[in-house]
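The values are calculated or read from the model by the stated rules, or taken from the named source; none is laboratory data. Worth saying up front: this structure is predicted, and the values here are computed from it rather than measured. As a convention, Cβ positions derive from the backbone with ideal geometry for all residues, glycine included, and neighbour counts pool all protein chains shown.
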Amino acid sequence: MAEEITLPFVDDFHLHLRQDAMMRAVVPMVRSGGVGRCVVMPNTTPPIATASDAQRYCSELRALAPDVEFLMTLYLLPELTPERISEAAEAGIFGVKCYPKGVTTNSESGTEDFGVYDAVFSAMEAEGIALLIHGEAPSNVDNDICILNAEERFLPELEKLHARFPRLRIVLEHATTAAAVECVKGLGDSVAATITVHHLDLTVDDWAGRNHNFCKPVAKYPHDREALRKVVSEGHPRFFLGSDSAPHPQSAKESACGCAGVFTSPILLPCLADVFDRIGSLDRLADFTSTFGHQFHGLPPLEGSITLQKRETVVPEAYGDIVPYRAGQTLTWGVALK
């Protein structure tokens, strides 16, 4: 068994970096988790709605982590027009993020009707800007939709979007179900999915009553987790890393209405090595973290590498006011000591 592995710096295709004091706390940790390039989510307050908004935000991030490449996104809002998509393309904006209304943190401005955005999607298809989707249908008692089946009930919408815009790069973010895996595998080469490290680890029993494991979409059934593990073990090239690392203050997690979000940034690569080793797929780790994603999006590979050693690494109980994923637990891999 390998005692040391070296792999390229990681591409994280889904990352929340927040604002103000929280941003200043978490952004310097991105590189320490092994990430060299990341896609930044736009669900700030107010949301990132224009190319100039994204450029200002990117400047703040670069000042805190100059050795990380930040790929910026816009929030899919009614004021987003084909003209703004052209401006975004000129500014080098990577993608547009779609949140169905009300499904997760800061999604109150989210989408209720995809059809009204057809002109925007057409412009994105022409400009090569990716559509990144939080793929859940809003909960609806009358339609028997809740957090456990919200992703599966959204998949027909994904299929219709791909049929209407077959050249538009679409990413179903943080896939959690066997149904999502099969749906994405069955669609064309312009559709991919990201998978988080915590969804490779957790099932519903691990977050019910445990707020620090609670995220949206929620972890599902054991057979769903097995489907995620199987597709990354197979090395399917349209499934790659998007951590969805989402920090919240400890008080916001440990409350009656705990915020959705799992914080993995500073320990991302050791956590991934730990789970890939446990499922017997350590040889697939580099493809998942550092190859498939940039190939799908037509990006150049990152320069530089990072080495992991098989050694016990205890996850800190907290980083300031933020409790990380697997806090206090012992991982079997750690970043090589310098």
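Taken residue by residue, the range 99-111 has no member that is part of a strand (DSSP E or B), crowded, with 21+ Cβ neighbours inside 10 Å and under 15 Å from the mean Cα position of the chain (by Cα). All told, Leu337 falls short of being at pLDDT 95 or above and either among the small types (Gly, Ala, Ser) or touching a strand residue (DSSP E or B) at 6+ places or on another chain (Cβ under 8 Å) (or both).
Applying the criterion of being part of a loop (DSSP other than H, G, I, E, B) and touching a residue at least 40 places away in the same chain (Cβ under 8 Å) to the residues of the range 69-80, the residue that is nearest to Ile170 (Cα to Cα) is Leu76. For the range 282-302, the tally of residues that are within 17 Å of Arg238 (Cβ to Cβ) and in a loop (DSSP other than H, G, I, E, B) stands at 3. Among the numbered conditions (1) among the hydroxyl-bearing types (Ser, Thr, Tyr); (2) surrounded by fewer than 19 Cβ atoms within 10 Å (Cβ to Cβ); (3) in a loop (DSSP other than H, G, I, E, B), the only one that Ser251 does not meet is (3).
Out of Ser86, Ser59, Ser32, which single residue is among the small types (Gly, Ala, Ser), without any contact (Cβ under 8 Å) to a residue 40 or more places away in the chain and not in a strand (DSSP E or B)?
Ser59
Answer yes if at least one residue in the range 261-277 is over 19 Å from the mean Cα position of the chain (by Cα) and surrounded by fewer than 17 Cβ atoms within 10 Å (Cβ to Cβ), and no otherwise. No, the conditions are met nowhere in the range 261-277.
Selection over the range 202-226 of residues that are in contact (Cβ under 8 Å) with a residue 24 or more places away in the chain, out of contact with any Cys (no Cβ under 9 Å at 6 or more places or on another chain) and farther than 18 Å from Phe154 by Cα gives a count of 6. Report whether or not Pro316 is modelled with pLDDT of 95 or more, farther than 25 Å from Glu173 by Cβ and touching a helix residue (DSSP H, G or I) at 6+ places or on another chain (Cβ under 9 Å). Considered against the rule, which asks whether it is modelled with pLDDT of 95 or more, farther than 25 Å from Glu173 by Cβ and touching a helix residue (DSSP H, G or I) at 6+ places or on another chain (Cβ under 9 Å), Pro316 comes out as yes.
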